[in-house]
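Report on the structure given below.
The values are calculated or read from the model by the stated rules, or taken from the named source; none is laboratory data. Just so you know, these numbers come straight off a predicted model, no measurement behind them. A quick note on method: Cβ atoms are made from the backbone with ideal geometry, for glycine too, and the neighbour counts reach across all protein chains shown. For the accessible areas, the whole protein counts, side chains as well, though only heavy atoms, and no ligand, DNA or RNA atoms are used. Shrake-Rupley method; radii C 1.70, N 1.55, O 1.52, S 1.80 Å.
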Amino acid sequence: MREIALAAARRHAVGTQRLASRRRRAARNEIVACIERLGCVQIDSISVVDRSQRLVLASRCGKLAPDTHDALLRSGRVFEYWAHEACLLPAVDEPHFRRDKREGGRFHRWFGPILSENKELAAEVIAVARERDEISARDFGGAGQGYWEWTPAKRVLEALWTAGELAIAGRVGMERRYALPERVLPEEILAAPEPSLEATRRMQVERAVRARGIASEARLSDYYRVKGKRRTLAPAIEQLVDLGVLERLRMSELGDSWLVPAEDAERAIAGDEKPTGAFLLSPFDNLIWDRFEAEHLFGFEHRLEIYKPAPTRIYGYYVLPLLDGAEIVGRIDVKADRKAGTLRALAVHWQKRPRPRALREALARLAHVLGLERSEIESGV
């Protein structure tokens, strides 16, 4: 097994993300290609800066139109389903998720056997979906308050989506609009045969490695949250290594096994990638969402304090890691003050030495993609 230095691995991982250092507007084809390259993009509703899926795509593609999420779904080239969490996924991958949909129909991850326990309500929802182009929880009295106080109808809608009997046709804000799958996904996608389980496992492994550039073999299952973890993916990993699609490398400083696309191995080992520019990353960005990998690859202890009571937070509410070149150099508590047209850094915590130039650059870049006029670092920070 060949060795790769930690610094080279870090540069390769960041370079693979193709972060957009120049100011530009994102084209639809470019956004779809980015989702295909990443395999999945996590959806999150928190909008104190912007919703995570928009931050992830904007960091790689440029400024997004306000209706991008809805437009992507209505294009039929992207769909929503469970992957790392609820995610935007390339429509071409939909056949790989049919097995999960069948399992989700029998037993929902949150609500258990809700469809078998609410057969009449489920039948009513499907009947209304057949009559109308799209439906939402509003058609059945509303969704209720929060995830854990959803109405029975909203829970059944979510369960029918998880089961593949409904699809997400679009969004009004973050409100899901549901429709029958044949009204959402292209005919050629729906007509495509379901891949074997072995083919799906190979897809998950290869997608994850190519999206990350270099990935820990021990943590690879986290990308698509595969049950059984490393044991489940081991045969697919061996097949892809034997076929010369992937190559194992030993991280010289850590001594463990990492995977890279075989055609990129020489460049990765040589450390040829030279990432430049400073970026504020979504806390749910694909590059850092695995806390183990973030700590080992970047020496960064990734913490989410969104759901903690304010007095117990160390760094802040919506904290974005600050990437400068190939290093995560700090964490910034950020808020978009849309009324004032200002992106505000409320708190700054450096990893080691301060990098004020990188912070100013990253704030200005993020303010631009958010359509804000200026960025400011709060006094006393």
(Q) Explain nothing, just the number: dipole magnitude of region 47-158 about its Cα centre with +1 on each Lys and Arg Cβ and -1 on each Asp and Glu Cβ, in debye rounded to the nearest 20. (A) 300 debye
Q) Roughly how many percent of the accessible protein surface of region 34-75 is carbon and sulfur, given a 1.4 Å probe and a whole-percent answer? A) 46 percent
(Q) Which residue, Ser59, Cys87, Ala5, has the largest displacement toward the positive end of the dipole of region 1-144 when charges sit on each Cβ (Lys, Arg +1; Asp, Glu -1)? (A) Ala5
(Q) Please list 3J(HN,Hα) in residue order for region 102-110, calculated via the Karplus relation 6.51 cos²θ - 1.76 cosθ + 1.60 where θ = phi - 60°; whole Hz, with x for glycine and proline. (A) 4, 5, x, x, 6, 8, 6, 4, 10
(Q) Whole percent per 5 Å bin, from 0 to the bin with the longest distance: what is P(r) over all C-alpha pairs of region 93-187? (A) 3, 14, 25, 27, 21, 9, 2, 0
**Q.** Portion, in percent, of the accessible area of region 328-381 that falls on carbon or sulfur, probe 1.4 Å
**A.** 48 percent
Q. How large, in percent, is the carbon and sulfur part of the accessible surface of region 156-286 at a probe radius of 1.4 Å?
A. 50 percent
Q | Net dipole in debye of the chain [+1 Lys, Arg Cβ; -1 Asp, Glu Cβ; about Cα centre; nearest 20] | A | 1020 debye
**Q.** Top positive-direction residue, dipole computed over the chain with Cβ charges, set Trp161, Ala262, Ile288
**A.** Ile288
Q | Over region 108-173, relative contact order from alpha-carbon pairs under 8 Å, at least 6 apart, % | A | 34 percent
Q: Kindly point out, ordered by number, any Cys in the chain whose beta-carbon has no other cysteine beta-carbon under 4.7 Å away.
A: Cys34, Cys61
Q | Cα lying deepest toward the dipole's positive end in the chain, options Gln204, Pro181, His302, charges on Cβ | A | His302
Q | Cα principal axis extents for the chain, largest first, Å | A | 61, 57, 39
**Q.** region 53-143: relative contact order as a whole-number percent, Cα under 8 Å and 6+ apart
**A.** 10 percent
Q: Might you tell me the accessible area per residue for the chain, computed with a 1.4 Å probe and given in Å²?
A: 45 Å²
